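Here is the structure we will look at.
Each value in this text was obtained by applying a stated rule to the coordinates, not by laboratory testing. Model, not experiment: these values are computed from the prediction. Cβ sites come from the backbone with ideal geometry, for glycine too, and all protein chains shown count toward neighbours.
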Number of protein chains: 2
Amino acid sequence: MKKINALESDFDFKNCPVRKVLDRFGDKWSLLVLLILGKKETLRFNEINKAIGSDISQKMLTVTLRTLEADGFLIRTIYPEVPPRVEYTITNLGKSLVPLIDNLEQWAKSNMSAIEKSRDNFVKV
Amino acid sequence: MKKINALESDFDFKNCPVRKVLDRFGDKWSLLVLLILGKKETLRFNEINKAIGSDISQKMLTVTLRTLEADGFLIRTIYPEVPPRVEYTITNLGKSLVPLIDNLEQWAKSNMSAIEKSRDNFVKV
DNA sequence: CAGCATCCTGTAGGATACTG
DNA sequence: CAGTATCCTACAGGATGCTG
């Protein structure tokens, strides 16, 4: 798979920063959870679940939260009570992403309808 | 059901702008192709192919280019020659995304190594 | 050269049931 | 409440061969 002589400069796929971001946040839920936590700072499992709505499965919310925790985007705090209480708090690293997401959101609001229109016309042709 | 407060309301998944962006650019190759075309303006099929390297399959490059064309991010021009020549030119819409990608790239360069380190430590625990 | 047409596989993510 | 543990499926995307 790997070229030895790079006369034509191969793109370094593994080390591309943009690709790394997409690999981590191109999934279905990570950015959304970050956005929600960015607004509320700290939330419990079920609060995040309700904020997202009924679209996400419990399994995927757990997986998403664990991955975000592993990567340092949030902190998970378990309170040894009955019934258990677990709080998720966004970190500074997590917060640093919020402005970028806002940029994406603005761009999308400005251009997405034109894109969808273009796509519809293209199908017709 | 009546919404009591914002947190308990269901998130409007279908109409979330961020989600729309991810649905279109969360794939493996779209942003990369746009980045490459953003630098060169106009390129032929095989030029893009070589710029990406051997990682992408011919099929996926075709699919990616067609989707980008359908959405208005690039223009596909066929020259009726033998052998055929097809040129892909980025549009203004396509160019408008480049600064956002650059932001993502900068963020990734600043934070990605810390994230990967965090992730490695988390696995060990 | 710039592609289709096929076939095939890995895996993200959903559904469901159970629990400390 | 905040999860596990299984099972299951859709589909993104790769490999290969053929062609105007």
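Here are a few things to note about the model shown:
- Estimated [θ] at 222 nm from DSSP helical runs (n ≥ 4, -39500 (n - 2.57)) normalised by residues in chain A, nearest 500: -19500 deg cm²/dmol
- Once both labels are positioned 7 Å from their Cα atoms along Cα-to-Cβ, the gap between A:LYS14 and A:LYS39 label points is 4.0 nm.
- J(HN,Hα) series, the range A:47-58, from Karplus relation 6.51 cos²θ - 1.76 cosθ + 1.60, nearest Hz, glycine and proline x: 5, 5, 4, 5, 5, 6, x, 8, 6, 8, 7, 4
- Rounded to whole numbers, the Karplus 3J(HN,Hα) couplings from phi for the range B:35-40 are 4, 5, 5, x, 8, 10 Hz, using 6.51 cos²θ - 1.76 cosθ + 1.60 with θ = phi - 60°, and x at Gly and Pro.
- Spatial extent of chain A: Rg and Dmax, with the Cα atoms as the point set, Å: 19.2, 64
- Lysine pairs in chain B whose alpha-carbon atoms fall under 16 angstrom of each other, counting only those eight or more residues apart or on distinct chains, come to 8.
- Simple rule: put +1 on each Lys or Arg Cβ and -1 on each Asp or Glu Cβ in the range B:73-125, find the dipole, and look at B:SER118, B:LEU93, B:LEU104; the Cα lying farthest toward the positive end is B:SER118.
- Taking the label point 7 Å along Cα→Cβ, A:LEU93 and its counterparts in the other copies are spaced 3.7 nm apart, in ascending order.
- Taking 7 Å steps out from each Cα toward its Cβ at A:TYR79 and A:ARG66 produces label points 2.4 nm apart.
- Between amide H atoms placed 1.01 Å from N, distances below 5 Å from A:GLY53 occur with B:PHE11, all of them 5 or more places distant or on a separate chain.
- Dividing the Cα radius of gyration of the protein assembly as shown by its Kirkwood radius returns 1.03 for Rg/Rh.
- When the charge dipole of the range A:1-104 is built from unit charges on Cβ atoms (+1 for Lys and Arg, -1 for Asp and Glu) and taken about the Cα centre, the candidate among A:GLN58, A:THR77, A:ILE48 whose Cα reaches farthest toward its positive end is A:GLN58.
- Remark on A:ARG44: its backbone amide H falls under 5 Å from those of A:TYR88, a criterion applied only to residues 5 or more positions apart or on other chains, H modelled at 1.01 Å from N.
- If a spin label sat at a point 7 angstrom from the Cα of A:MET112 along the line to its beta carbon, the backbone N atoms of the range B:94-125 nearer than 18 Å would be those of B:94, B:96-98, B:100-101.
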